[in-house]
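Colleague: Please find one structure pasted underneath; my questions will follow.
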Amino acid sequence: MPHETPRRAESGVPQRPFGPLQRNIGTIGQGTWYIEDGDPTAVIAALRRGIDLGMNHIDTAEMYGAGAAETLVGDAIAGRRDELFLVSKVLPQNASRRGTMIACERSLARLKTDRLDCYLLHWRGLYPLEETFAAFEALRDAGKILSYGVSNFDAPDLAEAWRIAGGSELVCNQVLYHLQERAVEHRVLPWCEQHGLAVTAYSPFGHGDFPGPATSGGRLLAEIAEAHDATARQIALAFLLSRPAVFAIPKASTIAHVEENAGAAAIALSPAEIDRIDAAFPRGPRPRSLPML
């Protein structure tokens, strides 16, 4: 049997600059989609343990559990707000200028904070980007948010957003990115690297479809994991993080999973290992539209 003891984070998750911001955040953060389905006490303990390990990037959204995830995050970060890079997202149906302002205030109330470090448009909807970004600018001027970005934007949408926002005002694009869904590598990731945007990988293990140990890809991950005293999931995270622009926000609702995720940051894959993983999980042809969950 392959070695399945997670590599532990001994000195905390390393940090790197988040896009054009003059601020370093942990390369591995904490996602919160569906955390409201877990035991609240365990979820809060897991989030706090992640903060202890340097996973200071906590991502949430008004959509998650219709605000329940934000409420749990607010409970978890009580007394530790200044340690965090806190992100939330506005739904596209709320992303008019006025609607964005109202949605942000609701999120701040649930999170029990006076500011977000970054506020994102969850995906593109019917409201013009000019309206949403005007609200983002007003919120930033008021100190309610410190920066803003987008989520689930393909390269043409990014180019338009970049023009409307005035270039470096845009700090990140949050996208679906895991070993079996690498569509962002065709255009989105290169575009973001060229323009200095951070790329935040959500669902970095897939959504219930992580490669099993009986698959060829799963066997390769297990082999490489054994060489690093790690787990297959830690190797998958390490592969994504080998691109300097990429940050990952895996969800973890237990302390054990948080510690496993954090341990991936200490793994340095060799070029040969990266090439083998790349070949085992081909990115495939460029899709007509960017995949999202």
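The values are calculated or read from the model by the stated rules, or taken from the named source; none is laboratory data. Model, not experiment: these values are computed from the prediction. Positions of Cβ are backbone-derived with ideal geometry, glycine not excepted, and every protein chain shown enters the neighbour counts.
Residues are listed down the side, and each one gets a yes or a no for (1) more than 19 Å from the chain's Cα centre (by Cα); (2) surrounded by fewer than 21 Cβ atoms within 10 Å (Cβ to Cβ); (3) in a strand (DSSP E or B):
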residue: Ala42; (1), (2), (3): yes, yes, no
residue: Ala46; (1), (2), (3): no, no, no
residue: Arg49; (1), (2), (3): no, yes, no
residue: Ser88; (1), (2), (3): no, no, yes
residue: Ala109; (1), (2), (3): yes, yes, no
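Colleague: Being over 30 Å from Pro20 (Cβ atoms) and modelled with pLDDT under 95 is the filter here; which residues of the range 216-254 pass it?
Modeller: Those that are over 30 Å from Pro20 (Cβ atoms) and modelled with pLDDT under 95: Ser253, Thr254.
Colleague: What is the residue count in the range 72-86 for residues that are assigned to a helix (DSSP H, G or I) and among the aliphatic types (A, V, I, L, M)?
Modeller: Start the filter on the range 72-86 by keeping residues that are assigned to a helix (DSSP H, G or I), which leaves 72-76, 81-83.
Next cut, among the aliphatic types (A, V, I, L, M) only: 72-73, 76.
Count: 3.
Colleague: Spot the failing condition for Phe133; the list is (1) farther than 22 Å from Pro285 by Cβ; (2) surrounded by 22 or more Cβ atoms within 10 Å (Cβ to Cβ); (3) touching a strand residue (DSSP E or B) at 6+ places or on another chain (Cβ under 7 Å), and only one is missed.
Modeller: Here Phe133 clears every test but (3).
Colleague: Which one of Ala264, Ala272 is part of a helix (DSSP H, G or I), among the hydrophobic types (A, V, I, L, M, F, W, C) and under 20 Å from Val199 (Cα atoms)?
Modeller: On inspection, the qualifying residue turns out to be Ala264.
Colleague: Among the residues of the range 19-33, write down those that are among the hydrophobic types (A, V, I, L, M, F, W, C) and closer than 18 Å to Leu53 by Cα.
Modeller: Across the range 19-33, the qualifying residues are Ile25, Ile28.
Colleague: Sticking with this structure for a sec: Output the qualifying pairs, or none if there are none: Cβ atoms under 7 angstrom, residues six or more apart or on different chains, first residue in the range 151-167 and in a helix (DSSP H, G or I), second residue loosely packed, with under 13 Cβ neighbours inside 10 Å.
Modeller: Within 7 Å, the pairs are Ile164/Glu130.
Colleague: While we're on this one: Only one of (1) crowded, with 17+ Cβ neighbours inside 10 Å; (2) free of Cβ contacts under 8 Å to residues at least 60 places away in the same chain is not met by Asp82, so which one is it?
Modeller: (1)
Colleague: Okay, next question. Anything in the range 116-133 that is within 24 Å of the chain's Cα centre (by Cα), of a type outside the set (Phe, Trp, Tyr) and part of a helix (DSSP H, G or I)? List them, or say none.
Modeller: Across the range 116-133, the qualifying residues are Leu129, Thr132.
Colleague: Being at pLDDT 95 or above, out of contact with any Ser or Thr (no Cβ under 6 Å at 6 or more places or on another chain) and buried (at least 20 other Cβ atoms within 10 Å of the Cβ): is that true of Ala138 here? Steps first, please.
Modeller: Working: at pLDDT 95 or above: yes; out of contact with any Ser or Thr (no Cβ under 6 Å at 6 or more places or on another chain): yes; buried (at least 20 other Cβ atoms within 10 Å of the Cβ): no.
It is false that Ala138 is at pLDDT 95 or above, out of contact with any Ser or Thr (no Cβ under 6 Å at 6 or more places or on another chain) and buried (at least 20 other Cβ atoms within 10 Å of the Cβ).
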